[in-house]
Amino acid sequence: MKYKRIVPTIYDNLFKRIASILSNAKSKVFREINQTQVLAYWEIGKEIVEFEQKGRRRAEYGRELIINLSRDMTEKFGRGFSERNLEQMRKFYLNYSQKAQTLSNEFKPILAWSHYCELLKPENAIKDPYVLGGLDNKVFASKYKLTLPSEKELRLKLKSPGSNLSE
């Protein structure tokens with residue numbers, strides 16, 4: 001019996017299609033995991049806030065609650081439940097609970113958790129929750145690499161004879 005050789009271009013096309021399928025699947029899984037994580041953190045924030053409100057949150061009581069939760073959650077689930085992260089989950093719920101209820105009955109995250117954490121910083125606060133143009137650019141810049149020409153390259157371009165740009 002004679003075996004046929006695989007034609008390299010046909011094989012390369014097959015390989016590229018399979019690689020594309022796997023890349024798309026990985027991207028989808030990553031997005032799903034990310035969305036599930038953000039939703040879980042929103043729910044955790046909700047639980048903390050509702051528990052605090054039953055006790056009419058006092059600063060020292062709330063602080064003790066976060067410390068205890070951090071210790072116990074870290075012991076049971078490992079990383080991701082530092083006092084700082086739990087406080088961010090609480091703030092996250094407080095900041096987005098009203099907006100989520102206004103827009104629909106269910107919160108639907110569109111960003112990664114790290115992006116929401118960035119938005120929770122006071123210097124990045126959004127004045128109008130419906131205007132995305134006010135978001136800090138560094139939140140989105142982490143996803144893209146932009147290469148700009150150096151100042152020297154720009155000056156050379158401006159001085160070049162074919163340039164219609166002026167200083």
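The values are calculated or read from the model by the stated rules, or taken from the named source; none is laboratory data. What you see is a predicted model, and the numbers here were worked out from it, not measured in a lab. Every residue, glycine as well, gets a Cβ built from its backbone with ideal geometry; the counts of neighbours run over all protein chains shown.
Considering every residue within region 7-25, establish whether at least one is part of a helix (DSSP H, G or I) and in contact (Cβ under 8 Å) with a residue 24 or more places away in the chain. Among the residues of region 7-25, not one is part of a helix (DSSP H, G or I) and in contact (Cβ under 8 Å) with a residue 24 or more places away in the chain, which makes the answer no.
Scanning region 25-65 for residues being buried (at least 16 other Cβ atoms within 10 Å of the Cβ), of a type outside the set (S, T, Y) and at pLDDT 85 or above gives a total of 10. In the set V49, V29, V38, only one residue is free of Cβ contacts under 8 Å to residues at least 24 places away in the same chain and assigned to a helix (DSSP H, G or I); that residue is V29. Scanning region 66-82 for residues that are of a type outside the set (A, V, I, L, M, F, W, C), within 20 Å of the chain's Cα centre (by Cα) and surrounded by 12 or more Cβ atoms within 10 Å (Cβ to Cβ) turns up G80, S82.
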